[in-house]
1. So is Ala68 more than 25 Å from Met257 (Cα to Cα) and of a type in the set (Gly, Ala, Ser) or not?
2. Is it the case that the range 218-236 has a residue that's modelled with pLDDT of 85 or more and either among the aromatic types (Phe, Trp, Tyr) or assigned by TED's automatic domain parsing to the domain that holds Asn157 (or both)?
3. Considering each residue of the range 24-33, count those that are without any contact (Cβ under 8 Å) to a residue 60 or more places away in the chain and surrounded by 14 or more Cβ atoms within 10 Å (Cβ to Cβ), and give that number.
4. Being out of contact with any His (no Cβ under 6 Å at 6 or more places or on another chain) and touching a residue at least 40 places away in the same chain (Cβ under 8 Å) is the requirement here; does Pro64 meet it?
5. Show the residue pairs that are 6+ apart or on different chains and have beta-carbon atoms under 7 Å apart, the first residue being within the range 189-216 and in contact (Cβ under 8 Å) with a residue 24 or more places away in the chain, the second being part of a loop (DSSP other than H, G, I, E, B) and acidic (Asp, Glu).
6. Would it be correct to say that Asp104 is outside any helix (DSSP H, G or I), in contact (Cβ under 8 Å) with a residue 12 or more places away in the chain and out of contact with any helix residue (DSSP H, G or I) (no Cβ under 8 Å at 6 or more places or on another chain)?
7. I need the strands (runs of 3 or more DSSP E) fully contained in the range 142-211, keeping only those with at least 3 residues that are among the basic types (Lys, Arg) and surrounded by fewer than 16 Cβ atoms within 10 Å (Cβ to Cβ).
8. Output the number of the condition that Phe59 fails; it satisfies all remaining conditions of (1) in a helix (DSSP H, G or I); (2) in contact (Cβ under 8 Å) with a residue 40 or more places away in the chain; (3) of a type in the set (A, V, I, L, M, F, W, C).
Amino acid sequence: GSSNACEKTSFAFLRQELPVRLSNIMKEINLLPDRVLRTPSVQLVQSWYVQSLLDIMEFHDRDPEDQATLGQFTNALVTIRNRHNDVVPTMAQGVIEYKETYGDDPVSNQNIQYFLDRFYLSRISIRMLINQHTLLFDGSTNPAHPKHIGSIDPHCNVANVVRDAYNMAKLLCDKYYMASPELEIEEVNASNSEQPVSIVYVPSHLYHMLFELFPPCRGELWGGGTGAGLSPLRCPQMSDRGMGVPLRKIERLFSYMYSTAPTPQLGSG
């Protein structure tokens, strides 16, 4: 059937494309400063990429007409995806290990910043490709999102995703600060003023971006006090009424080498 033909096409594409993407980022990992590359956490991440490349290459000459091969390929992709679940915190731990051992070096910091921007974008693209294949061809439909095409929502309700991200951020905010501002959403649909704004998008990507944007507004908005005196957050323009991040810290916001959060404790597994 057509679905089987699509699966074969996806298989043929991914067995060529994924090794290219994995190899490119592995080459960039090898170009990191030696002091970063030698940290245990970065070496662990590097080993995951090597193993995943080897796993994909097993299918380089396999027959796409064989249904068993297609099933094994999907299973291999699930294994690879799960293997890389902790790449972000593990790479962050590698940066922490480097800083604790060698301190701050402006030149190395700039190289690390450039690498991590490319590394995380590469990771997003690889996981997007893997997720699309596994979600479409694992033989099941997500009952919570039956109209999604893989991880893509053809009619993603932006305001609903904003609320979901805010509610989760609010839980953390109330836990640590014992207070949180309310959320105001101003929504204007230029095409149809009576309908909510909807776009073709990956809701999980939008959710994560919004969730990461809420904490700086919350954490810098107050150092204490009560919820009654807090100005509400407004979306899509997120505003803290000029009392948020100091100008002297603006440049640090997008630096991987800067954080106000406590050092996380990673599990041994």
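The values are calculated or read from the model by the stated rules, or taken from the named source; none is laboratory data. Everything numeric in this text was worked out from a predicted model, so none of it was measured. Note: ideal-geometry Cβ built from the backbone for every residue, glycine included; neighbour counts use all protein chains shown.
1. Here the answer is yes, as Ala68 does meet what is asked.
2. No, the conditions are met nowhere in the range 218-236.
3. Number satisfying all stated conditions: 1.
4. Yes, satisfied.
5. The qualifying pairs are Pro196/Glu187; Val197/Glu187.
6. Yes.
7. Of the strands (runs of 3 or more DSSP E) lying wholly inside the range 142-211, none has at least 3 residues that are among the basic types (Lys, Arg) and surrounded by fewer than 16 Cβ atoms within 10 Å (Cβ to Cβ).
8. (1)
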